[in-house]
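Have a look at the structure below, then the notes.
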Amino acid sequence: MSRNLTPIMLALGPLMLLGAFSSWPLTNEVGADGVNLLMNDASVNMAVVGVLGMSLMFGGLHLLSMDMKKGADRMSTQLLNMADLFIFGTFGLFLLGFGGQLSVILITNDTTAIFENQDAREAVALAIFNAGSGLWSLTPVAWGLAMICMGLAHVGLKVPEGMTEGAFFMLMPIGLANTLLPLIQDAEQAEFQIVFPLTMVLYIALGGLMLTGNIDEPGSE
């Protein structure tokens, strides 16, 4: 097994996050409906798994970017520096958006928190939920830009050759789908239900292929 943390984090983090995503009660609910679902059906333990998976995944992406900088030319290095900026931004938006949902769970279930009445408690939870939802809407754009920059840095604008370039080339079209997501998704968020798992599968595949030696680890040459 590789002693490089990059493929391990890329494979393990998305697996944890995908598991938490598939078990999370929210789909396209907003406002009071979303608060009620979080209050009644969400699990703090699953939220912790999601946060850990998220941290491993974005940490793995940053390590991947650092690995790719080894031996990269000036333009590729600049693209990877831009990717790092977007990775950090996406991670921050993820934490704030998901943290808002976790706060709703804690506020609505923590009987030690003192509010004037139940209506006041629910009003605070609703305000936090709505703020978190606004931050969520920005996440796919920054995330997609990070993936596009990493894909361009690895394969440039040429036709991919071999499994290594072919696998990393997929960062660009899937990244583009993430970037366009706020424009193309419908009211049911059906596109998000496809693009997010597809992104996770790509990361798991990249990490798994690097772990098994089927594709070269960036910077290994």
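The values are calculated or read from the model by the stated rules, or taken from the named source; none is laboratory data. These figures come from a predicted structure and were not determined experimentally. Heads up, the Cβs are rebuilt from the backbone with ideal geometry, glycines too, and the neighbour counts pull from every protein chain shown.
Out of everything in segment 127-138 that is among the hydrophobic types (A, V, I, L, M, F, W, C) and surrounded by fewer than 16 Cβ atoms within 10 Å (Cβ to Cβ), what residue ends up being nearest to Ala32 (Cα to Cα)? Here the answer is Ala127. Is at least one residue of segment 7-21 among the β-branched types (Val, Ile, Thr), at pLDDT below 90 and surrounded by fewer than 21 Cβ atoms within 10 Å (Cβ to Cβ)? The answer is no, given that none of the residues of segment 7-21 is among the β-branched types (Val, Ile, Thr), at pLDDT below 90 and surrounded by fewer than 21 Cβ atoms within 10 Å (Cβ to Cβ). With respect to Leu38, determine if the residue is touching a residue at least 40 places away in the same chain (Cβ under 8 Å) and not in a helix (DSSP H, G or I). No: the conditions fail for Leu38.
Examine segment 135-156 for a residue that is modelled with pLDDT of 80 or more, of a type in the set (Phe, Trp, Tyr), more than 16 Å from the chain's Cα centre (by Cα) and closer than 24 Å to Met66 by Cβ, and state whether such a residue exists. Looking through segment 135-156, none of the residues is modelled with pLDDT of 80 or more, of a type in the set (Phe, Trp, Tyr), more than 16 Å from the chain's Cα centre (by Cα) and closer than 24 Å to Met66 by Cβ. What's the number of the condition Asp33 fails, among (1) of a type in the set (D, E, K, R); (2) in a helix (DSSP H, G or I); (3) modelled with pLDDT under 90; (4) within 17 Å of Ala153 (Cβ to Cβ)? With (1) of a type in the set (D, E, K, R); (2) in a helix (DSSP H, G or I); (3) modelled with pLDDT under 90; (4) within 17 Å of Ala153 (Cβ to Cβ) applied to Asp33, the lone miss is (4). Just one of the listed residues (Thr90, Thr108) is farther than 25 Å from Leu209 by Cβ, in contact (Cβ under 8 Å) with a residue 24 or more places away in the chain and among the polar types (S, T, N, Q), and it is Thr108.
Looking across segment 86-121, just one residue is part of a loop (DSSP other than H, G, I, E, B) and surrounded by 13 or more Cβ atoms within 10 Å (Cβ to Cβ), and that is Phe115.
Across segment 26-66, the qualifying residues are those that are more than 20 Å from the chain's Cα centre (by Cα) and charged (D, E, K, R), and the one among them that is farthest from Thr6 (Cα to Cα) is Asp33. Sort out which residues of segment 67-97 are at pLDDT below 90, over 19 Å from the mean Cα position of the chain (by Cα) and not basic (Lys, Arg), and write them in order of number. Listed by number, the residues that qualify are Asp67, Met68, Gly71, Ala72, Asp73, Met75, Ser76, Thr77. Between a residue in segment 206-221 that is of a type in the set (Val, Ile, Thr) and modelled with pLDDT under 85 and any residue that is assigned to a helix (DSSP H, G or I) and surrounded by 15 or more Cβ atoms within 10 Å (Cβ to Cβ), which pairs come within a Cβ distance under 7 Å, given they are 6 or more apart or on different chains? Correct list of pairs: Ile215/Thr164; Ile215/Ala167; Ile215/Leu209.
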